[in-house]
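Just below is one structure, and these are the notes that go with it.
The values are calculated or read from the model by the stated rules, or taken from the named source; none is laboratory data. None of the values given here were measured: they were computed from a predicted structure. FYI the Cβ positions are ideal-geometry reconstructions off the backbone, even for glycines, and counts take in every protein chain you see. Calculation scope for accessible area: heavy atoms of the full protein, side chains included, ligands and nucleic acids excluded. Shrake-Rupley method; radii C 1.70, N 1.55, O 1.52, S 1.80 Å.
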Amino acid sequence: MKENRHVRILAGFTIAYILLALSWWSVLLWQKNRQVHELQLVVHTLREDLGTADPSDRVRIDQRHRRQSRMILGESVFMLLSISIGIWLMLRGFMAEFRIGRQRRNFLFAITHELKTPVAALRLILDTFRRKDLPPAKSGPLLDSAIRETDRLADTLDNLLLTARISHTYQPRPEEAWLDDQVTKWMAGPKRQFPQRILEWELPEEPLPLRLDWAGLEVVVRNLIENAIKYSPEQGKVMLVVRHQDDGLHLEVSDEGSGIPDPEKGRIFDMFYRSGNEDQRETKGTGLGLYLAREITHRNGGTIRVADQRPRGSRFIVHWPVHHEASAGRRR
Ligand code: ADP
């Protein structure tokens, strides 16, 4: 970090020196050009006094001076501009590299934490079971907690494996299923993991059989709901709304949390992006959830965006095209 600061200071000095030197040489050249012009005029006046001057020389001297002044000005401005643009592009690349480096470090830190914490909790619970003969009143909550930790570990591993697959082998796999069955399945996990939270959902009234990549859509909704729970207060409501429109499914996941500031809205879908500093951050996560949600949605031809929820919170809006309606067969 310290080395980095030294390099940045040195780079700053070098850039400032190049720009100053260039400006200085341009001014000097300009002055020299003016002096040469003045000298030429003196020589011309002497020649006139001696009666050897050609009257057209005066016009030529002035024309040459004007041409050379224009050339010095043009070249200086062009060089200053191209050097400035080059420096700006270099700095932008440098800043992007720096940001990616920091996000990678944060990711490693976060992933270690996300994997170690549930494993340590599970070990502790198993240890307790081995050492003590617990009555059902005590073993029940401990088992619930073990299942919650296992779910959390499984979610983190799912996200990691999917991230590794997403750019190479991931293919949407359309299957036929009933919308209400799928939504009930999606909500079962968060309800078990967060029994104290208010989780509500709204569906089309008619049961609907659809053919789409349900596994992909589940990853998207799971990550959005987990985030809504994570980034909103305990008493805040988390809501999933699903509507069926002519061109596909329209889904919205909203919460009553602190919301997302406008400058961050475009960046939260980037890989590893997490707002704030890893050392001070209180929420758990790896910065992969929204990246995966966006990639999977795009692979299925859909769109995802974030908006503010009134009076507070965020609202993630997903449009998921359904190209082939399922045969409206009987529910098994
Ligand atoms: P993670 O949650 O693991 O940090 P995500 O990719 O899911 O990673 O989210 C990226 C960032 O977007 C989060 O770190 C958080 O700052 C912000 N974010 C995502 N969802 C919400 C939400 N519902 N409310 C507020 N901030 C959110």
For the subset of region 280-328 comprising residues that are closer than 18 Å to H244 by Cα, assigned to a loop (DSSP other than H, G, I, E, B) and out of contact with any helix residue (DSSP H, G or I) (no Cβ under 8 Å at 6 or more places or on another chain), which member is modelled with the lowest pLDDT?
-> A328
Here are some conditions: (1) surrounded by fewer than 20 Cβ atoms within 10 Å (Cβ to Cβ); (2) of a type outside the set (K, R); (3) more than 12 Å from the ligand (Cβ to nearest atom). S258 meets all but one. Which one does it not meet?
-> (3)
Only one of (1) in contact (Cβ under 8 Å) with a residue 40 or more places away in the chain; (2) within 16 Å of the ligand (Cβ to nearest atom); (3) not in a helix (DSSP H, G or I) is not met by E234, so which one is it?
-> (1)
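Kindly evaluate L20 against the criterion of being without any contact (Cβ under 8 Å) to a residue 40 or more places away in the chain, under 24 Å from F94 (Cα atoms) and in a helix (DSSP H, G or I).
Yes; evaluated as a whole, the condition is true for this residue.
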All-but-one check, P204 against (1) modelled with pLDDT of 95 or more; (2) over 15 Å from L292 (Cβ atoms); (3) of a type outside the set (A, V, I, L, M, F, W, C); (4) in contact with a helix residue (DSSP H, G or I) (Cβ under 9 Å, 6 or more places away or on another chain), failing number (1)
Given the conditions (1) within 11 Å of the ligand (Cβ to nearest atom); (2) open to solvent by less than 10 Å² (accessible area, probe 1.4 Å), report the number of the one that T286 does not fulfil.
-> (2)
Scan D270, D246 and give me the residue that is open to solvent by 30 Å² or more (accessible area, probe 1.4 Å) and under 21 Å from L161 (Cβ atoms).
-> D270
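Considering only region 113-125, state which residues are open to solvent by 70 Å² or more (accessible area, probe 1.4 Å) and free of Cβ contacts under 8 Å to residues at least 12 places away in the same chain.
Across region 113-125, the qualifying residues are K116, R123, L124.
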Determine whether R104 is open to solvent by 60 Å² or more (accessible area, probe 1.4 Å), modelled with pLDDT under 90 and in a helix (DSSP H, G or I).
-> yes
List pairs: first in region 38-55 and within 18 Å of R66 (Cβ to Cβ), second open to solvent by 80 Å² or more (accessible area, probe 1.4 Å) and assigned to a helix (DSSP H, G or I), Cβ under 9 Å, 6+ apart or cross-chain?
-> Q40/R64; L41/R58; H44/R58
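Only one of these is outside any strand (DSSP E or B), within 20 Å of V119 (Cβ to Cβ), open to solvent by less than 70 Å² (accessible area, probe 1.4 Å) and of a type in the set (A, V, I, L, M): A154, A215, A188. Name it.
After ruling out the rest, the residue left standing is A154.
Yes/no matrix, rows are residues, columns are (1) part of a loop (DSSP other than H, G, I, E, B); (2) more than 30 Å from D246 (Cβ to Cβ); (3) at pLDDT below 90:
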position	(1), (2), (3)
V119	no, yes, no
L122	no, yes, no
R165	no, yes, yes
D180	no, no, no
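Take L224 and tell me if it is under 23 Å from P174 (Cβ atoms), outside any strand (DSSP E or B) and touching a residue at least 60 places away in the same chain (Cβ under 8 Å).
So L224 passes the test.
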Pairing a residue in region 301-315 that is closer than 25 Å to D213 by Cα and away from the ligand (no atom under 12 Å from the Cβ) with any residue that is among the polar types (S, T, N, Q) and not in a loop (DSSP other than H, G, I, E, B), where Cβ atoms lie under 7 Å and the two sit 6 or more apart in sequence or on different chains, gives T303/T297
